[in-house]
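A short write-up of the structure that comes next.
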Amino acid sequence: MKIKTTEINVKKPDKDVDFFDITGNVSDAVAAADVKEGVANVFSPGSTASVTTIEYEPNLLIDFRRVLEKLVPSDIRYEHEKAWGERNGQSHMRTSIFGPGVVIPIHEGKLMTGQWQQIVVMDFDVIQRNRRIVIQVIGE
Amino acid sequence: MKIKTTEINVKKPDKDVDFFDITGNVSDAVAAADVKEGVANVFSPGSTASVTTIEYEPNLLIDFRRVLEKLVPSDIRYEHEKAWGERNGQSHMRTSIFGPGVVIPIHEGKLMTGQWQQIVVMDFDVIQRNRRIVIQVIGE
Amino acid sequence: MKIKTTEINVKKPDKDVDFFDITGNVSDAVAAADVKEGVANVFSPGSTASVTTIEYEPNLLIDFRRVLEKLVPSDIRYEHEKAWGERNGQSHMRTSIFGPGVVIPIHEGKLMTGQWQQIVVMDFDVIQRNRRIVIQVIGE
């Protein structure tokens, strides 16, 4: 049983919500670990970015930004602001709705994601970030 | 350490959101793998169906359909439609809210789900689908 | 490969949504299992409480309660009530939005959670509960 833990960085250039397709990074980690059967546990160590799967399609990202504003708006004042002075209450709540990580099955050396399913970091924070993402490959 | 990866199919008969109780299938996979301690990683390889746990109760499924319409309505036009001509933008966004998979603990040969907690595929797509679901049993 | 499965209880004192920081319990389980590389699979065996990660900050918990009321209100009647007479339809739906569990990477004997990221049980039920939470530590 192998357990290989690596990290990548995703760099958020502006203040808006950002989406990063990291499917290639996870595939590379599976290949580097030489795991044929097992899982890839992809995890965001933080409370303002999620890791999930979506179809990474530019128009759909526009839809996501709109739906996020509707579900947990960024233009209202949250109590969280009083704790740290940061206006990112919405970032925290969106993160736990989408979840901190995903566990992708690996079979015959390949991620079992669908053809239109990418592994994506959603960075919900309101400032520029250089964020660590954990990729853990476990198996044989 | 055993790692047994199997697949089942769930067949969506109509255009509406569908819910499939696959608890029995996952239990069967655990028994077939003869794993006493470990996990069942149940995963949807696609971007328009989730795997999660709910109480699979017919009235609650009605409530879920209503709440889904409120959270991410199906009767508005999404930008995603312009990419492929498919009117399933809402299916994609619902999927990442509920997540692509669950990792259920196995102890003494049994899934550690609660009595009123079923493992469920939520198919959010708008067309008939014959969908693959991955069941991976890992343990000893 | 070690697989150690333990349980803790979280006791909800009143009818409101409750949040429990169980990061210390999960850290203790990792230390007790003496696992250096692997995962902690933290899971709620039930359909009215989630396990996820958030910044456990009192003001943010106020924000969460408000957003929960907006997303899936507690003051409307759900069909689920007709099945069991329980007014917790909203508890069920909130649970699957936030998910039943999380899989936290362990590296060099430590949980790879961020500094402001706690492992939290969100109990959405409407009655007092003494709830079991599963902590499974898997690795080497």
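Considering the stretch C:1-11, and only residues there that are surrounded by fewer than 19 Cβ atoms within 10 Å (Cβ to Cβ) and among the aliphatic types (A, V, I, L, M), the residue that is farthest from the other protein chains (Cβ to nearest Cβ) turns out to be C:ILE8. Taking the stretch C:12-28 as the range and being modelled with pLDDT of 95 or more and either surrounded by fewer than 22 Cβ atoms within 10 Å (Cβ to Cβ) or not aliphatic (A, V, I, L, M) (or both) as the test, the residues that pass are C:ASP18, C:PHE19, C:PHE20, C:ASP21, C:ILE22, C:THR23, C:GLY24, C:ASN25, C:SER27, C:ASP28. Any residue that is out of contact with any helix residue (DSSP H, G or I) (no Cβ under 6 Å at 6 or more places or on another chain) and aromatic (Phe, Trp, Tyr) - is there at least one of those in the stretch C:1-19? No, the stretch C:1-19 contains no residue that is out of contact with any helix residue (DSSP H, G or I) (no Cβ under 6 Å at 6 or more places or on another chain) and aromatic (Phe, Trp, Tyr). Under the condition of being within 14 Å of chain A (Cβ to nearest Cβ) and either surrounded by fewer than 17 Cβ atoms within 10 Å (Cβ to Cβ) or in contact (Cβ under 8 Å) with a residue 24 or more places away in the chain (or both), the residues counted in the stretch C:85-94 number 1.
Looking for something β-branched (Val, Ile, Thr), within 9 Å of another protein chain (Cβ to nearest Cβ), under 12 Å from the mean Cα position of the chain (by Cα) and buried (at least 18 other Cβ atoms within 10 Å of the Cβ) - is there at least one such residue anywhere in the stretch C:45-52? Among the residues of the stretch C:45-52, at least one is β-branched (Val, Ile, Thr), within 9 Å of another protein chain (Cβ to nearest Cβ), under 12 Å from the mean Cα position of the chain (by Cα) and buried (at least 18 other Cβ atoms within 10 Å of the Cβ), which makes the answer yes. Taken together, the residues in the stretch B:14-31 that are assigned to a helix (DSSP H, G or I), touching a residue at least 40 places away in the same chain (Cβ under 8 Å) and not polar (S, T, N, Q) amount to 4.
Scanning the stretch B:95-140 for residues that are outside any strand (DSSP E or B) and touching a residue at least 60 places away in the same chain (Cβ under 8 Å) yields B:GLU108, B:GLY109, B:THR113, B:TRP116, B:GLN117, B:PHE124, B:ASP125, B:VAL126, B:ILE127, B:GLN128, B:GLU140.
In the set (1) of a type in the set (Gly, Ala, Ser); (2) more than 11 Å from the chain's Cα centre (by Cα); (3) under 26 Å from A:ASN88 (Cβ atoms), the condition left unmet by C:GLY85 is number (3).
Among residues of the stretch A:53-84 being crowded, with 19+ Cβ neighbours inside 10 Å and among the aromatic types (Phe, Trp, Tyr), the one that is nearest to the other protein chains (Cβ to nearest Cβ) is A:TYR78.
The values are calculated or read from the model by the stated rules, or taken from the named source; none is laboratory data. For clarity, every value in this text was computed on a predicted model and none was experimentally measured. Glycine gets a Cβ as well: all are built from the backbone with ideal geometry, and neighbour counts include every protein chain shown.
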